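For reference, the structure is listed below as structure tokens.
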There are 2 protein chains.
Amino acid sequence: MSRYAPVPFPQVKLEGQFWRERLDTVLDRTVPSQHRKLAEYGILDSLKLPDPPPPLRFPRHPNGFTVQVFWDSDVGKWIEAASYALAHRRDADIEAKIEAAIDDLEKAQAPDGYLNCWYLGREPDKRWTNLRDNHEMYNAGHLLEGAIAYFQVTGRRRFLDVMERYLDHIYATFGTGPGQRPGYDGHEEIELALMKLYYLTGMRKHLDFAAYLVNERGRQPHYFDWERERREAGEAKQRYVFANYEYSQSHKPVREQDKVVGHAVRAMYLYTAMADLAAELDDADLQRACEVLWKDVMDTKMYVTAGLGPSAHNEGFTHDFDLPNQTAYAETCASVALIFWAQRMLHLGLDGQYADILELAMFNGALSGLSRDGEHYFYANPLESDGTPTRWDWHTCPCCTMNVSRLVASVGQYFLSTAEDGVAFHLYGGIASQVEIAGTTVGLREVSNYPWSGEIAIHVDPQEPAAFAVKLRIPGWCEGASVTVNGTPIGLDIIENGYVTIDRRWAAGDVIGLDLPMPPERLYAHPGVIMDAGRVALKRGPLVYCLEEADNPGGRVQRLKLPRNAPLQPEMRTDLFDGVVTLRADATAIEETSFTQLYRTKPPKEAPATLTAIPYFLWANRGRGSMVVWVPEATA
Amino acid sequence: MSRYAPVPFPQVKLEGQFWRERLDTVLDRTVPSQHRKLAEYGILDSLKLPDPPPPLRFPRHPNGFTVQVFWDSDVGKWIEAASYALAHRRDADIEAKIEAAIDDLEKAQAPDGYLNCWYLGREPDKRWTNLRDNHEMYNAGHLLEGAIAYFQVTGRRRFLDVMERYLDHIYATFGTGPGQRPGYDGHEEIELALMKLYYLTGMRKHLDFAAYLVNERGRQPHYFDWERERREAGEAKQRYVFANYEYSQSHKPVREQDKVVGHAVRAMYLYTAMADLAAELDDADLQRACEVLWKDVMDTKMYVTAGLGPSAHNEGFTHDFDLPNQTAYAETCASVALIFWAQRMLHLGLDGQYADILELAMFNGALSGLSRDGEHYFYANPLESDGTPTRWDWHTCPCCTMNVSRLVASVGQYFLSTAEDGVAFHLYGGIASQVEIAGTTVGLREVSNYPWSGEIAIHVDPQEPAAFAVKLRIPGWCEGASVTVNGTPIGLDIIENGYVTIDRRWAAGDVIGLDLPMPPERLYAHPGVIMDAGRVALKRGPLVYCLEEADNPGGRVQRLKLPRNAPLQPEMRTDLFDGVVTLRADATAIEETSFTQLYRTKPPKEAPATLTAIPYFLWANRGRGSMVVWVPEATA
């Protein structure tokens, strides 16, 4: 099969209502408000290094917040998101703000290229002494992603030059050569950023260093042990809070890892880079490791929303089937990072199972992290609530905020891929693009009201008639899909790995009709997930649904029981959230007012009721209230 | 009504199979093994103070365990449990071990009476500088309870003298008089111990100091603030981990408290002393505060097992109806302490609702903390398990281990109360006693196989015929109780506050027949407890039941669904745990083997199955396996 590569987002114009609304919100509100928050919380000031450094090692910002070791990364991520925003609309104010941050970073950079504001401003002599905990390469990775994005959108090299100087310093310091230390970061991230730089520049040293970092990880003697032994004596007392290297996926070499463990975001960033390297180096072993890890997370560790990592303790994974709903951590960043990994896996062989998860994570676990107003967030994304948690307008660890804004601002990159002789549609929702295929420019316009409707029209307009393949993803959740070309049905016995391929000579004016029926469906969890026993989840198309108290007033939504055979009625509600398909069903409701005790022998009074479900990602936009994804089910 | 007071346990001989077995296990195995553990973990050594104290402030015991501020209390609690054991059977070896610990404590005591081994051995100049966190009075309280128990059983005063010297020092140091500090402990306990000493000695100063501690608590200016400001500058950095005074129930004066908050064991110990004081001082305000707090915990915060405190974070309470099952903390100590509180509340007015909870906590939340073999424990008592947690043979904070042993070794005290003119039976299970009522000695023998059966015979044998009241508790869970006297039924229209009163002239040979029908029953939780939506708990008599994998092999027990109308069949199983009544029912079972994915649209295959439930307190005695109290329910 030809090698397909994603079409970059600036070439994919979002026209559909769903993504256009989210994108406009992110451009109008999220990106500007995030800059205000970075200022308010002292994160931008933390780049302005005092000269000489202050005597205190851990000064607080005047606003009272402790300077955090990962703040450089937040600046990098904001620059990345803001740069993507500029690709949609240039904005002198945003550009000036980016330039000001780059000014500070350029000034902060040490003569030898080192650039970590936390260390430079506080403990310049301690740099590179604690890769395990202190995020130096992680920060470098996010700054690098910001620099790449800014360069790609504006053509301005200054930030990229700064980062390349920093990378040269890192490449000189770390490695397996003479006089080098075989270090790697406790928080993976730089690996995938280096792969982006490699794709941008074609310079082999970036690929090589990414490969070195991935391959060195978890080898014995363990770098983090060596490093700890060299730190001052005080370290002995400083117990490593996670007490194991599974936390950072460094418990063994990555090719020997077959279980997804530890901090969820760390894991996903690592696997993303592994998949990048597997593709670039045609490394079958590494690809197999990725596939084994993918299967492990899919079979035993993923929430139905594509949330990852049940535990707040390690922000990560525990044991198989441990997927508590109310206390789910399911960090927004982890679902965003799962999208990255899924995209890389998808492009290893265009297997639709990866696109299915990419789409699931996007519409559910990731998008739930951002409020409708674009200025409130979830860090943890529980699947059930008694009404206690609510969205916050910032977080002392604001990683998720910019992860979701950079995702939305660049979401176009997930829709299309092209090869020499074909184009593949992964996602639907209304896009327009111009791509080069088979030696001609092809205009593509996908028109739909997806995800609310599965009726899709795709206009294929080559400048010159040309023979090439159009591949259409038929989602794994879809049964009974049908395709027409210029009104003529084509057989779908040729679906392969989740894609139907239409190979023909295309000419301007050709129209593909794709119908993806999306009747509401029920999902049942593996009995190993004891939390979901006797419960059912509702889904329509790619959207997981939930019951929220705002639509089901009269008590906590967990009082509602859905009979197994009750039909689920989709209903387009234009009065809600600028248009949303809800699901309605006959249900029974436990009457709460008759309960005067905590426990009683009399079965709860139940009355017929109607149940209304909304897409999960929209929850917690109407004040506090209970919510449930896994609805108690009534069975005979 | 006459004032009823508990009959002390040495006067109540346990003859019934249920408690005899538990008592023998505690005497034979638990008390001796706990002494071995106290030695192994360095807790006994921590009483042996080096002279002079070592330069290191926080030395580790040679075995590697950090000396804990609360270790004195563990010694005190073991002496208390061991003394109760001696009351059942004298044992020279146990006595020698107690005496050895008393030797060490006597030697450790400072000339001015101060006696806290942690401070004396490490930071003698820092004593009384951190009542909020460091448990000095808490330790004193447990040592005092040990000294009282040892004195009561052996008549030996030495330990009590040591403790009275310590108390004189405390009374001189703390209070509202000139030159005194208005302090109280961050961990309540000494208050109830002082009440015991007051009951033993009749000395008013002990009552007064207990009343002072309770009344001073939570007043402004706050003692813990004053104390913190006086500590060294380093303190500023030491953030108070719980960051609020609700944790120690010192957020406001106790009479103004109307919500149960904070650390569960702290709360229960405080309320116990409050109820003691309310009774002793006829303090209606304090009694009302107790009643309001009782209602709050009963209506919104207690597990069906009488477990208390859902959260591991604060080892305590959160918000109303927050009762997660799998992550339930429900510390054994908290249920034991609830028994103490319930006993005090019961004796304020002989209201059976308190005895109901006392019994519920005893047979479920407390007894679950001790294994069948008497040497393994639960600190947290979850109501659901995927098979991960298991019992441990010790804990770095071993509070629960000795709390359950001292409870069982003195359980006789909860069965009977007497007044001038009557006797009240609270619990059943086979006891014999001799009490003084109405000027004569009355032999009492209650014969039953309770809690397995509700058929009870009570032999009332006064030396001289005498008129007095026999009060029998009719448990709140019981419907259709019947009573006979010498075979003649008596009407039960006179049940008052959960007790039937038989007022007559009793003569030797009189026999009361009491029948407490205990058909298995289903319990439903208030819909506010979202975790129990669609689930049902099973109970028979005072015992809450659970499904455990050992009795329901073939997968996790959460796969089983109990139809609402399926009869629950009690079955006496002599082959299990030396005899236990199980509950069996027809059920449906989800077949796990047909699940090849984590989520699927096809409803799980269900097959008819039989479900077997065992009493909750017996779980986790047969290796690892899943368990559930709240069983998924099948309803039409």
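The values are calculated or read from the model by the stated rules, or taken from the named source; none is laboratory data. This one's a predicted model, so the numbers in the text were calculated from it and none came from an experiment. Positions of Cβ are generated from backbone atoms using ideal geometry, with glycine treated the same way; all protein chains shown enter the neighbour counts.
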Would you check if A:Ile357 is touching a residue at least 40 places away in the same chain (Cβ under 8 Å) and outside any helix (DSSP H, G or I)?
no
Among residues belonging to segment B:603-632 that are within 12 Å of chain A (Cβ to nearest Cβ) and crowded, with 24+ Cβ neighbours inside 10 Å, point out the one that is nearest to B:Asp386 (Cα to Cα).
B:Met627
Restricting attention to segment B:368-380, does a residue exist that is crowded, with 24+ Cβ neighbours inside 10 Å, within 14 Å of chain A (Cβ to nearest Cβ) and in a helix (DSSP H, G or I)?
no
Only one of A:Ala550, A:Ala469 that is in a strand (DSSP E or B), more than 30 Å from B:Ile590 (Cα to Cα) and hydrophobic (A, V, I, L, M, F, W, C)
A:Ala469
What's the total number of residues in segment B:247-262 that are in contact with a strand residue (DSSP E or B) (Cβ under 7 Å, 6 or more places away or on another chain) and at negative phi?
2
Helices (runs of 4 or more DSSP H) wholly inside segment B:93-194 containing at least 2 residues that are surrounded by fewer than 20 Cβ atoms within 10 Å (Cβ to Cβ) and in contact with a Gly (Cβ under 8 Å, 6 or more places away or on another chain)
B:158-173
Is it the case, given these coordinates, that B:Gln180 is free of Cβ contacts under 8 Å to residues at least 40 places away in the same chain and more than 15 Å from B:Asp168 (Cα to Cα)?
no
Residue that is farthest from the chain's Cα centre (by Cα), among those in segment B:509-526 that are away from chain A (no Cβ under 14 Å) and over 14 Å from B:Val470 (Cα atoms):
B:Gly509
The number of residues in segment B:1-45 that are of a type in the set (Ser, Thr, Tyr) and either within 22 Å of B:Leu472 (Cβ to Cβ) or buried (at least 21 other Cβ atoms within 10 Å of the Cβ) (or both) is 4
Can you confirm whether A:Ala589 is of a type in the set (Gly, Ala, Ser), on the phi < 0 side of the Ramachandran plot and within 11 Å of chain B (Cβ to nearest Cβ)?
yes
Any chance segment A:95-112 includes a residue that's of a type outside the set (Lys, Arg), within 21 Å of A:Asp168 (Cα to Cα) and in contact with an Asp or Glu (Cβ under 6 Å, 6 or more places away or on another chain)?
no
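Per-residue answers, yes or no, for (1) free of Cβ contacts under 8 Å to residues at least 12 places away in the same chain; (2) closer than 30 Å to B:Arg622 by Cβ:
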site: B:Pro475; (1), (2): no, yes
site: B:Gly480; (1), (2): no, no
site: B:Asp493; (1), (2): yes, no
site: B:Ala507; (1), (2): no, no
Just one of B:Thr501, B:Thr484 is in contact (Cβ under 8 Å) with a residue 60 or more places away in the chain, among the β-branched types (Val, Ile, Thr) and more than 10 Å from every other protein chain (Cβ to nearest Cβ); which is it?
B:Thr501
Qualifying position, being within 25 Å of B:Glu227 (Cα to Cα), hydroxyl-bearing (Ser, Thr, Tyr) and within 24 Å of the chain's Cα centre (by Cα), among B:Tyr184, B:Tyr119, B:Tyr114, B:Tyr166:
B:Tyr184
Which count do you get for residues in segment B:1-44 that are part of a helix (DSSP H, G or I), of a type in the set (Lys, Arg) and in contact (Cβ under 8 Å) with a residue 12 or more places away in the chain?
4
Which members of segment B:288-318 meet the condition of being away from every other protein chain (no Cβ under 14 Å) and more than 27 Å from B:Pro542 (Cα to Cα)?
B:Arg288, B:Ala289, B:Asn314
Identity of the residue in segment B:528-544, in contact with a helix residue (DSSP H, G or I) (Cβ under 6 Å, 6 or more places away or on another chain) and within 14 Å of chain A (Cβ to nearest Cβ), that ends up nearest to B:Leu358 (Cα to Cα)
B:Pro542
Which of the residues that make up segment A:553-586 are away from chain B (no Cβ under 14 Å) and charged (D, E, K, R)?
A:Glu571, A:Arg573, A:Asp575, A:Asp578, A:Arg584
I want to confirm something. Restricting to segment A:521-534 and keeping residues that are touching a residue at least 60 places away in the same chain (Cβ under 8 Å) and in contact with a Pro (Cβ under 6 Å, 6 or more places away or on another chain), which single residue is farthest from A:Thr582 (Cα to Cα)?
A:Met531
Which one of these does B:Gln343 not meet: (1) crowded, with 22+ Cβ neighbours inside 10 Å; (2) within 17 Å of B:Leu308 (Cβ to Cβ)?
(1)
How many residues of segment A:334-359 are within 17 Å of A:Leu370 (Cα to Cα) and of a type in the set (Gly, Ala, Ser)? The answer is 3
Let me confirm something: among B:Asp493, B:Asp503, which residue is in a loop (DSSP other than H, G, I, E, B) and either surrounded by fewer than 23 Cβ atoms within 10 Å (Cβ to Cβ) or not assigned by TED's automatic domain parsing to the domain that holds B:Arg624 (or both)?
B:Asp493
Output for segment B:417-431, where each listed residue is under 23 Å from B:Ser2 (Cα atoms), out of contact with any Pro (no Cβ under 7 Å at 6 or more places or on another chain) and part of a strand (DSSP E or B):
B:Thr418, B:Ala419, B:Gly422, B:Val423, B:Ala424, B:Phe425
